[in-house]
Amino acid sequence: MKAVINENVTLFRYEKSHDDLFEGCWPIRDGVSINAYCVCGTEKKVLIDYTESGASFDSDLADMGLRLEDIDILVLNHMEPDHTGALNVLFTRCPNIEVYATRLGATETETLYGHKNVHVITNGEELNIGGKTLVFYATPNIHWPDTMMTYIKEDGILFSCDAFGAFGSYQSVFDDELTEKEWALLKPETERYYASIVASFSPFVLRGIKALSALDIKTICPSHGIVWRKDPGYVVAWYQKLATYLEGPREKEITILISSMYGNTLSYISNLVQIAKKEGIVVNTVRIPDTNDSYALEKVWRSEAFVVAAPTYEMELFPSMAHTLDLLNRKAVKGRKVLYFGSSLWSGGAAKEFNAYAEKMKLEVIDSIEFRGKGTPADRQKIEDGFKKLIEAIK
Ligand SMILES: Cc1cc2nc3c(=O)[nH]c(=O)nc-3n(C[C@H](O)[C@H](O)[C@H](O)COP(=O)(O)O)c2cc1C
Ligand SMILES: [Fe+2]
Ligand SMILES: [Fe+2]
């Protein structure tokens with residue numbers, strides 16, 4: 001699909017199959033787009049990023065009266081194969097195309113595609129393509145070490161690579177076209193994308209936003225999701241907020257992660273949800289493993305507190321919950337307040353493993369409660385008290 005951004009800039013948007021996994025692990029049941037852009041100066045035609053498969057690129061270019069061979073310059077904002085996978089085809093058909101990338105991007109272009117002839121950009125370097133000036137900014141580690149962004153000086157358009165992107169597929173191209181239903185998808189799918197893809201690199205996001213703050217950005221063209229032309233500041237502020245969740249402050253929300261084989265651990269949840277609601281605290285519940293980890297990560301990332309409710313299984317924490325905690329740890333979830341409780345029958349063991357995770361993740365443990373079977377009234381009281389303490393801790 002092709003869309004006009006302005007008279008010089010065209011978006012080529014390709015939707016990944018909803019059955020695919022993004023990066024081989026993140027479900028995209030609501031889709032994700034891969035965005036490439038064509039910028040036509042009076043002297044040079046530039047492609048910013050490519051695609052995974054190259055499919056329908058030719059017909060989209062043909063609609064503009066162009067062939068792939070007419071492209072003079074290829075800018076690679078980062079080398080992840082969702083944007084470069086089909087480069088072998090491009091390099092075969094356009095052996096003399098000028099390629100612009102960071103130093104690391106150049107190395108990767110050779111490693112991945114055997115292409116040696118890459119112009120290595122310097123930070124702030126300008127390239128005149130006839131009536132338009134492209135400026136390249138190195139923005140390492142958002143989210144790959146080779147990442148850069150490209151800016152059209154005259155138009156204030158920032159091609160921001162994976163930053164300011166989102167999961168989800170949208171009929172609309174621009175922020176000002178989004179329907180209410182699309183906004184309702186964009187909110188969680190931006191946050192799930194951020195938590196899954198970018199969160200670990202939050203300090204670099206803050207650094208990048210600061211470094212670009214002097215630019216007069218009128219439009220943001222990310223490599224996934226929608227184009228922000230009405231209010232680019234909105235997505236910048238949003239990403240800034242998401243990045244600050246790394247160290248806090250975060251939202252006064254509690255996310256309850258629940259695993260239960262036979263309902264004993266589960267039987268405590270509805271009461272806790274009611275308590276939170278009565279206190280005016282937003283509470284999210286996520287069943288593990290019924291719900292993919294990335295949806296848990298999205299909610300825990302913004303929450304000041306979370307609850308791990310899971311039974312003992314073979315002397316350790318319920319395996320799916322251990323897997324989820326491992327993911328949260330890898331994705332830099334730390335410093336939040338947390339309550340653990342779970343059922344066991346014999347000598348237990350889940351709390352011990354949970355406590356080890358909590359220590360590794362520098363979580364503030366409000367309580368860690370293991371009980372037998374369905375639990376006693378005293379257990380019930382202890383869990384309720386722990387949950388109320390958790391609420392007080394984030395108020
Ligand atoms: C496969 C399996 C392994 C278990 N391993 C242990 C164990 O090692 N130690 C223990 O105390 N209880 C163990 N249990 C007992 C459960 O923790 C107990 O049935 C608990 O009440 C289940 O809670 P739930 O109803 O929330 O799933 C195991 C249960 C199952 C089904
Ligand atoms: Fe990427
Ligand atoms: Fe990407």
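Remarks
- Taken over region 37-70, residues that are within 30 Å of Glu298 (Cβ to Cβ) and touching a residue at least 60 places away in the same chain (Cβ under 8 Å) amount to 3.
- Test: Gly41 is surrounded by 17 or more Cβ atoms within 10 Å (Cβ to Cβ) and away from ligand 1 (no atom under 16 Å from the Cβ): yes
- Top-ranked residue in region 77-100 [being within 16 Å of ligand 2 (Cβ to nearest atom) and in contact (Cβ under 8 Å) with a residue 40 or more places away in the chain; ranked as surrounded by the fewest Cβ atoms within 10 Å (Cβ to Cβ)]: Asp82
- Thr244 meets the conditions (1) within 16 Å of ligand 3 (Cβ to nearest atom); (2) farther than 26 Å from Gly31 by Cβ; (3) among the polar types (S, T, N, Q) in every case but one. The failed one is (1).
- Selected residue [crowded, with 19+ Cβ neighbours inside 10 Å and either closer than 30 Å to Asp30 by Cβ or within 16 Å of ligand 1 (Cβ to nearest atom) (or both)] from Met64, Met149: Met149
- Restricting attention to region 208-254 and to residues that are hydroxyl-bearing (Ser, Thr, Tyr) and not in a helix (DSSP H, G or I), the residue that is nearest to Ile281 (Cα to Cα) turns out to be Tyr245.
- Selection count where residues are out of contact with any helix residue (DSSP H, G or I) (no Cβ under 8 Å at 6 or more places or on another chain) and within 16 Å of ligand 3 (Cβ to nearest atom), scope region 150-166: 4
- Here the strands (runs of 3 or more DSSP E) wholly within region 301-395 that include at least 2 residues being surrounded by fewer than 23 Cβ atoms within 10 Å (Cβ to Cβ) are 337-344, 364-372.
- The residues of region 77-130 that are among the small types (Gly, Ala, Ser), within 20 Å of Thr51 (Cα to Cα) and away from ligand 3 (no atom under 16 Å from the Cβ), listed by number, are Ala106, Gly114.
Every number here is computed from the coordinates shown, using simple stated rules; none is lab data. Since we're looking at a predicted model, the values are computed, not measured. Backbone-built Cβ (ideal geometry, glycine too); neighbour counts: all protein chains shown.
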